[in-house]
Amino acid sequence: MVLILAVTCAVAVGNLYFPQAIVPLIAAGLHTSADSASMVVTATQVGYTAGIFLLVPLGDRLPYRPYLVTLLTLTGLSLLGAGCAPTLPVLVAAGVLVGVTSVAAQIIAPLAARLVAAAHRGAVMGTLLSGSIGGMLLARTFSGTLGEWLGWRAPYLAAGILVLALAAVLARTVPATTSVTAEPPPPPSRERSPALLTEPLRLLRAEPELRRSCVYQASVFAGFSAVWTCLALLLTGPAYGLGGQAVGMLALVGAATMLCTPLAGHLVDRKGPDPVNLVCLLAVLLSAVVLAGGAGGGVPGLTALTLGTLLLDVAMQCGMVANQARVFALRPDARARLNTAYMTCAYLGGSAGSWFGVRVYGRTGWWGVCVLLALLAALPAVASRAGIRTRWAGQWNGPEPQ
């Protein structure tokens, strides 16, 4: 079951990242600037954030199999529509729809959290995240390579067909109910949909550990999105003169992250999320220093970009394992809503990072993007170090009783 869910996460998450590698191809194909074409990336992430807020809370109420199949079907149709878009505004609108419906991974995470005992929850989250990372990495390579061969529309059309095929497989293979659970399944929420949608906001106010995880992940994911969105502009620009395929090949280096996230999950199970979070935030700061060496171009610059993006990928994803494990330990009866609050904040940060990163790159170049990454990681790193010294921050099972 975990393997099937991990593959689904990979396919769903890949839809958010493959446009990053083909921004220059979209700009050339639709006769617009790279800055304008990058709005497709931002629009997809904004749509994903909206989908998390609007659709993920329903996972506490609706049967998960038909819900997953419906979401994947809508995603596939949206991708096909994006591949046929005649103009940039139409493509941006289709990108929003792709993002809104690509929330299958966030429906799966709360489900998987109750398939295992709490002592192993971090490891399962790490396995699912490995699937998501695989999808993210392969998506960039897939879109960059296919886009260079057949044009920017081909990745969208191929992804649409793949998602629709996966929806058909899930409809026949995933059981309607979970037959084996490590804890009694909570009853479906009886709250009306409007109440479910506002519940994540109430949880944010009530749960300090949830707020802390949201701040950490939003900051790091903003820097991560800024780097990867601007990386395509750097590699295809005058400093390197490479094609979209180079972005995809560079993304493959991050495959090591798939091995690191399960390890991070085991460390979270043993040590708790705080030490893992702190190490990851410091690693993001170090990645900013390494990535700055990529501004010079040539083989040394490409080496710096390779090592820096690898370190950034590992730090961001391992930090997500720690944060998500912390969040899911708070309220077993409201995991979908907790995940909604957490992932909404994370992807709001990612959307802002993509948009702001392109503007910083246009004004200051690659150096400015690296400084932005360092600033975004510095504040939560300081907060993490200070928080570990307080009584409430060190508690693994939730906030301190009042």
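FYI, it's all coordinate maths here, none of it is from the lab. Keep in mind it's a predicted model, so treat the numbers as computed, not measured.
Of the three principal axes defined by the Cα atoms of segment 331-382, the extents in descending order read 47, 24, 9 Å.
Quick one: check the C-alpha center-to-center distance for segment 209-232 versus segment 300-340, whole angstrom. Distance between centres, Cα-based: 9 Å.
So what's the Cα pair-distance distribution over segment 122-173, bin width 5 Å, in %? Reading upward from the zero bin: 5, 18, 17, 20, 20, 12, 6, 2, 0.
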